[in-house]
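Engineer: This is the structure I want to talk about, given as structure tokens.
The values are calculated or read from the model by the stated rules, or taken from the named source; none is laboratory data. Keep in mind that this is a model prediction, so the values were computed, not measured. Neighbour counts are summed over all protein chains in view; Cβ atoms, including those assigned to glycine, are modelled from backbone coordinates with ideal geometry. Ligands, DNA and RNA are stripped out before the accessible areas are found, and what is left, the full protein with its side chains, is counted by its heavy atoms. Shrake-Rupley method; radii C 1.70, N 1.55, O 1.52, S 1.80 Å.
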Amino acid sequence: MNKKILVTGAAGLIGSQVVRELISRKYEVIAVDNFSYGHNENDNSFVTWVIEDIIQLNFENIFNELKPTGVIHCAAHPGGRSLKEPVLDVEVNILASIKLFYQAAIAKIPVVYLSSSAVYG
């Protein structure tokens, strides 16, 4: 079976390392990021980049068109900004995550949720 993993926050500190490891294991990667905080270190034939904010992303279309077999969710609103940007914090860390988890459940695709102190504000 072909393994194709969707990685959110793929250009961030943690996500870019996850993508690098998946590539080294010959997984296909659907890398999602808006590049607001990260940068592209992993550009090769194993990676399909979706450059979009997860708040706006239509996960149903991603699952139907790109057909991932698993998800690693690394995207987060950076820690220390929750008091300055509380609405954006909730939109990214809660609402976008719920949209992703919901579509993954419908598609019966497993999700690994990586977290850091960023979600605590």
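Engineer: Quick test for you: out of V50, V29, V7, pick the one residue that is open to solvent by 20 Å² or more (accessible area, probe 1.4 Å) and of a type in the set (V, I, T).
Structural biologist: V50
Engineer: Can you name the residue in the stretch 14-26 that is under 15 Å from W49 (Cα atoms) and in contact (Cβ under 8 Å) with a residue 60 or more places away in the chain and is also farthest from the chain's Cα centre (by Cα) among such residues?
Structural biologist: V18
Engineer: Looking at this structure, is I72 at pLDDT 95 or above, open to solvent by less than 70 Å² (accessible area, probe 1.4 Å) and in contact with a strand residue (DSSP E or B) (Cβ under 6 Å, 6 or more places away or on another chain)?
Structural biologist: When the stated conditions are applied, I72 passes them.
Engineer: Another one. Tell me, which residue of the stretch 83-117 that is modelled with pLDDT under 85 and over 17 Å from V7 (Cα atoms) is most open to solvent (accessible area, probe 1.4 Å)?
Structural biologist: Only one residue tops the list, namely L83.
Engineer: Against the conditions (1) touching a helix residue (DSSP H, G or I) at 6+ places or on another chain (Cβ under 7 Å); (2) in contact (Cβ under 8 Å) with a residue 40 or more places away in the chain, where does V29 fall short? Just the number, please.
Structural biologist: Failed condition: (2).
Engineer: Please work out which one of (1) modelled with pLDDT of 90 or more; (2) on the phi > 0 side of the Ramachandran plot is the condition F35 fails and give its number.
Structural biologist: (1)
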